[in-house]
1. Can you put 140, 70 in order, fewest other beta carbons within 10 Å first?
2. So what's the Cα pair-distance distribution over the range 77-183, bin width 5 Å, in %?
3. Could you give log10 I(q)/I(0) at q = 0.11, 0.16 Å⁻¹ for the range 9-125, computed by the Debye formula over C-alpha point scatterers of equal weight, without solvent?
4. Using 0.36 nm times the number of residues separating residue 153 and residue 165, minus their current alpha carbon distance, what extension gain do you get?
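Coordinate-derived values only; no laboratory data. If you're wondering where the values come from, they're calculated on a predicted model, not measured in any experiment. Here Cβ is always computed from backbone atoms with ideal geometry, including for glycine, and neighbour counts include all displayed protein chains.
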């Protein structure tokens with residue numbers, strides 16, 4: 001089972017304040033509600049409500065953040081094993097690593113191939129400020145495109161490049177062989193998130209019960 005990345009789905013920072021979370025939820029709910037023509041999406045709306053239920057409550061959000069930190073600790077960033085800083089070779093490695101990440105997502109989740117800049121930064125362990133030239137190059141070559149939210153998507157040209165260069169590029173072959181999926185997690189993380197969601201409901205029920213007791217002594 002995969003731990004859903006609610007921050008990525010909402011396109012907000014993990015440090016976002018409650019007001020921002022509420023504002024983004026309202027905006028997306030108005031677009032994704034199943035009754036809305038053209039933009040309505042029942043599955044995404046369900047995920048949106050789950051994200052809001054967890055992130056809008058401090059207790060459940062704390063449990064969720066702890067589960068995310070645990071997942072991140074299990075998967076070392078690519079910068080630990082690949083040189084991204086050595087002048088030209090480092091730049092070439094950044095390009096190959098980025099394309100490998102996008103290729104992995106395209107293969108494993110063809111229905112949702114987008115990879116956010118936050119994901120790229122986290123998985124590569126490399127500040128996005130140093131990725132601007134890399135992203136510009138692969139975009140201009142036609143290997144990637146951008147979604148409306150600026151997330152990156154591998155194109156057909158990008159797929160052809162990765163598959164044709166794998167045999168001659170050791171770094172690329174290493175990345176694809178070892179696996180570069182961005183959202184790998186075990187079931188224990190989902191159990192923690194479910195516990196967080198249950199905690200949210202329990203707290204809300206307790207608040208309602210307390211309110212009822214005050215109204216009806």
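1. Values: 140 9, 70 15.
Fewest to most other Cβ atoms nearby, the residues stand as 140, 70.
2. Pairs per bin, as whole percents: 2, 13, 27, 29, 21, 7, 1, 0.
3. These q points yield log10 I(q)/I(0) values of -0.51, -0.94.
4. Values: separation 12, 0.36 × 12 = 4.32 nm, distance 1.87 nm.
Length gained between residue 153 and residue 165: 2.5 nm.
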